[in-house]
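The values are calculated or read from the model by the stated rules, or taken from the named source; none is laboratory data. Quick caveat, the model's predicted, so the values are computed rather than measured. Quick reminder, even Gly has a Cβ in these numbers, built from the backbone with ideal geometry, and neighbours come from all protein chains shown. The area values use the complete protein model at the heavy-atom level, side chains included, leaving out ligands, DNA and RNA. Shrake-Rupley method; radii C 1.70, N 1.55, O 1.52, S 1.80 Å.
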Amino acid sequence: MKSRTSVLSSVLLLVAVAGCGAIVDQRVEGRTRQAIQAYPPQGDFVLIDGRRVHYVQAGSGPDVVLIHGASGNLRDFTIGFSGRLTDRYRVTIFDRPGLGYTDADPALAGPFDARAEGPQVQADLLHRAAEELGVADEIVLGHSYGGAVAMAWALNHDPAAAVIVSGATEPWPGGLGPLYSLTGTSLGGATVVPLISAFAPQAFVRRAVAMVFAPQEPPPGYVERVGAALALRAEAFRTNAQQVRTLRSHLVEMARRYPDLDLPLELVHGTADDIVPIDVHSGPLSRQVPGARLTRLAGIGHMPHHADPEAVAAAIDRAAARAGLR
């Protein structure tokens, strides 16, 4: 039988834990409100089965769809890149499911649920949204994780052409780093993610962004302009971690189908990319898809659309010409 002292100690411990949880919840909610107030939606919404899909659309001409990478949102393309295209293309940029302002699948919303919408499911949702917006005969471009979504779009939805920029498109050897391995699980998603969302300092965000851009520097004011705080919202952080953690299994299945693709495929990849290495991803992909063209950008890291936007725009122009759109 427990003594009164041990019982009292247990009660006090539970009260302390509950109090810490309440503090974390309050900080998460406060930071989420601040992020939404500071970085409201830039575009409009289209409803697909009751889910809001956030998009920005501008320009005129053949359709180009832009799909962002992990931990990102559509603002990544509106900072200096999409404006290079709108004089000759109608550009539609989407937030991927659960990131930015596109709704995640409500069936996967529980903090202890480690499931995620894979690239093919994401491509299905965004393709339906594109159809609702009148997009047709599109060139679909995906960056990083968005490259996997763009490849799924190419496999399943018959676009006019595809452009993959630093794309995570092949099943890679080994595992992920400890952050994704932990935060992408049900336990980590329910415990570690709220702590990061509540207490991660600005320096944490800036270091992460610097690593993604290395060896180049981020554009001036990038962290503020891209709305990095949106990625620190607990639900978005958890969703992103789960998507990345489960990506490899989807790529194993998708890669088997790559040799059957018959469309203009342009690949752009930096040789100094340590996030998604060219020799693991775009190199093999260029050999799997008949007629694929790989542009190697010497000394460029993971963000070619910022470091060498002219090269990425030129790849879109080549894809359009090869598809007979220009």
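Brief remarks follow.
- Residue selected from segment 145-173 under the condition among the β-branched types (V, I, T) and either in contact with a Pro (Cβ under 8 Å, 6 or more places away or on another chain) or without any contact (Cβ under 8 Å) to a residue 60 or more places away in the chain (or both), by the criterion surrounded by the most Cβ atoms within 10 Å (Cβ to Cβ): V149
- Any pair with Cβ under 7 angstrom, 6 or more apart, that starts in segment 251-264 at a residue that is touching a residue at least 24 places away in the same chain (Cβ under 8 Å) and ends at one that is open to solvent by 70 Å² or more (accessible area, probe 1.4 Å) and basic (K, R): P264/R322
- Once segment 281-326 is narrowed to residues that are in a loop (DSSP other than H, G, I, E, B) and closer than 30 Å to V226 by Cα, the residue that is most open to solvent (accessible area, probe 1.4 Å) is A298.
- Considering residues of segment 186-200 that are under 16 Å from Q243 (Cβ atoms) and not β-branched (V, I, T) only, the residue most open to solvent (accessible area, probe 1.4 Å): S186
- For segment 234-260, the set of residues classified as surrounded by fewer than 21 Cβ atoms within 10 Å (Cβ to Cβ) and either of a type in the set (V, I, T) or within 23 Å of R206 (Cβ to Cβ) (or both) consists of E235, T246, V252, listed by residue number.
- Yes/no for G227 being of a type outside the set (V, I, T) and under 16 Å from the mean Cα position of the chain (by Cα): yes
A quick yes/no check of all residues on (1) outside any loop (DSSP other than H, G, I, E, B); (2) farther than 22 Å from F213 by Cβ:
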{"residue": "P40", "(1), (2)": "no, yes"}
{"residue": "L47", "(1), (2)": "yes, yes"}
{"residue": "Q57", "(1), (2)": "yes, yes"}
{"residue": "G61", "(1), (2)": "no, yes"}
{"residue": "V64", "(1), (2)": "yes, yes"}
{"residue": "A70", "(1), (2)": "no, no"}
{"residue": "D76", "(1), (2)": "yes, no"}
{"residue": "T86", "(1), (2)": "no, yes"}
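- Condition check for G30: free of Cβ contacts under 8 Å to residues at least 60 places away in the same chain, in a helix (DSSP H, G or I), open to solvent by less than 20 Å² (accessible area, probe 1.4 Å) and under 23 Å from R225 (Cα atoms): yes
- Search result, residues across segment 262-271 that are of a type outside the set (V, I, T) and surrounded by fewer than 17 Cβ atoms within 10 Å (Cβ to Cβ): D262
- Taking helices (runs of 4 or more DSSP H) as the structural unit, those lying wholly within segment 168-252 and holding at least 1 residues that are in contact with a Leu (Cβ under 8 Å, 6 or more places away or on another chain) correspond to 186-199, 202-213.
- Taking the listed residues R51, R27, R33, R75, the one that is more than 30 Å from A313 (Cα to Cα), of a type outside the set (D, E) and modelled with pLDDT of 95 or more is R51, with no other qualifying.
- Number of residues in segment 123-144 that are among the acidic types (D, E), closer than 15 Å to A161 by Cα and surrounded by fewer than 17 Cβ atoms within 10 Å (Cβ to Cβ): the value is 1.
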